[in-house]
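Have a look at the structure below before the remarks.
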Amino acid sequence: MSWENNIHRVVPYVPGEQPTGEGIIKLNTNENPYPPAPGVEKALRDMADDYAIMRKYPDPEAGMLVRALSDYYNVPDESIFVGVGSDDVLAMSFLTFFDSDKPLLFPDITYSFYEVWADLFRIPHKQIPLRGDFTIDPEAYMQMNGGIVIANPNAPTSLYLDIPAIESIIAANLDSVVIVDEAYIDFGGESALPLIKRYDNLLVVRTFSKSRSMAGARVGMAFGSPRLISYLKDVKFSINSYTMSHDVIRMGAASAALSDKEYFEDVVERIIATRTDAAARLRDMGFKVLDSSTNFLFVTHPDHRAGDIYSALKERRIYVRYFNRPRIDDHLRITIGTPEEMESLYAALKEIFDA
Ligand SMILES: *Cc1c(COP(=O)(O)O)cnc(C)c1O
């Protein structure tokens with residue numbers, strides 16, 4: 001088929017399974033097991049009363065959400081960009097900031113979407129191996145590059161890199177844009193956000209999907225110097241000004257989630273408590289568990305193959321994430337669920353190991 005010679009072929013990102021049905025325990029895509037803040041429901045109901053607003057094009061700047069973020073994070077409006085989940089924010093950022101012949105650098109084990117976007121946008125890239133213990137070696141990012149992207153805490157390892165190390169990478173690469181993807185930062189560690197005032201080459205990316213229980217709403221944001229943000233908007237508005245913001249609904253819901261700090265802190269605390277308990281329980285069962293700063297655990301077992309555990313759990317309708325990739329093909333990534341869901345997991349594991 002000759003037209004197929006003109007196709008831009010890509011190997012797509014493969015998200016975790018989204019099974020439907022009764023009695024499934026889903027610990028495979030790092031969703032939050034608790035509902036969004038109560039105010040989110042009210043915002044959605046209020047918006048429903050005003051459905052006629054759908055007739056008009058929305059505010060391309062998503063001003064309502066930007067102002068709420070500005071107040072919450074104490075960052076000026078000009079330093080904020082919002083998108084349809086952080087995946088959209090990251091894709092736009094790759095397209096905007098990594099237009100170099102020199103390679104984009106990112107860890108060999110990290111969010112697998114980075115490689116997909118680099119391939120899609122034909123960005124030369126080089127994967128930097130994590131150390132043997134899966135930690136990031138900052139020194140390895142002090143080499144020629146056209147940009148850097150690091151998830152901190154990293155996924156699926158769950159490990160956090162401290163701010164002095166992050167800053168050393170940014171400071172050593174003032175001629176490149178450095179993206180720090182903080183999808184999990186609310187579950188542990190300090191944010192690099194304050195550094196945007198000192199480094200105009202730093203972009204910090206965040207999401208409502210994990211800590212704010214709103215993966216389905218698709219709300220993500222980036223913080224950076226006004227110049228960086230204006231370049232990002234230029235690219236965004238050259239594709240489709242409106243994608244993220246048609247969502248009056250999403251915007252009202254996101255603002256409502258931000259305004260309930262108490263609920264947010266309570267949910268995060270609960271997940272951290274369950275995580276601490278889960279790490280201990282799994283270690284008791286012989287698992288090696290990495291020190292998590294996220295809402296998931298990255299584990300391996302000396303006596304049972306990860307792929308086998310994954311399949312045996314799935315037969316019992318418990319979904320965890322297994323990556324059949326070099327270096328991590330004997331590990332599982334287990335999202336922290338409710339205490340009840342975790343009890344079901346331990347019981348199932350015990351059954352599998354005793355069989
Ligand atoms: C979940 C995740 C994202 C994407 O989040 P969305 O905002 O839902 O698009 C980005 N980066 C990392 C590292 C993630 O784990």
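Quick notes on this structure:
- Residues of region 185-217 that are open to solvent by 30 Å² or more (accessible area, probe 1.4 Å) and within 14 Å of the ligand (Cβ to nearest atom): 186, 189, 210, 215, 216.
- The requirement of being over 30 Å from residue 264 (Cα atoms) and either of a type outside the set (Lys, Arg) or more than 10 Å from the ligand (Cβ to nearest atom) (or both) is not satisfied by residue 152.
- Residue list for region 155-170, restricted to those being over 25 Å from residue 322 (Cβ atoms) and either open to solvent by less than 10 Å² (accessible area, probe 1.4 Å) or free of Cβ contacts under 8 Å to residues at least 24 places away in the same chain (or both): 164, 166, 169, 170
- Residue check for residue 79: away from the ligand (no atom under 16 Å from the Cβ), open to solvent by 20 Å² or more (accessible area, probe 1.4 Å) and assigned by TED's automatic domain parsing to the domain that holds residue 183: no
- For region 260-290, a residue qualifies if it is assigned to a helix (DSSP H, G or I) and touching a helix residue (DSSP H, G or I) at 6+ places or on another chain (Cβ under 6 Å), and the qualifying residues are 268, 274, 278, 281.
- Test: residue in region 137-145 that is within 16 Å of the ligand (Cβ to nearest atom), surrounded by 15 or more Cβ atoms within 10 Å (Cβ to Cβ) and not polar (S, T, N, Q): no
- Flag for residue 61 being among the charged types (D, E, K, R), assigned to a helix (DSSP H, G or I), over 18 Å from the mean Cα position of the chain (by Cα) and in the same structural domain as residue 197 (by TED's automatic domain parsing): no
- Criterion violated by residue 111 - all others in (1) open to solvent by 40 Å² or more (accessible area, probe 1.4 Å); (2) away from the ligand (no atom under 16 Å from the Cβ); (3) in contact (Cβ under 8 Å) with a residue 60 or more places away in the chain; (4) assigned to a loop (DSSP other than H, G, I, E, B) satisfied: (2)
The values are calculated or read from the model by the stated rules, or taken from the named source; none is laboratory data. Since we're looking at a predicted model, the values are computed, not measured. Cβ coordinates were reconstructed from backbone atoms using ideal geometry, including for glycine residues, and neighbour counts include every protein chain displayed. SASA here: full protein model, heavy atoms, side chains in, ligands and nucleic acids out. Shrake-Rupley method; radii C 1.70, N 1.55, O 1.52, S 1.80 Å.
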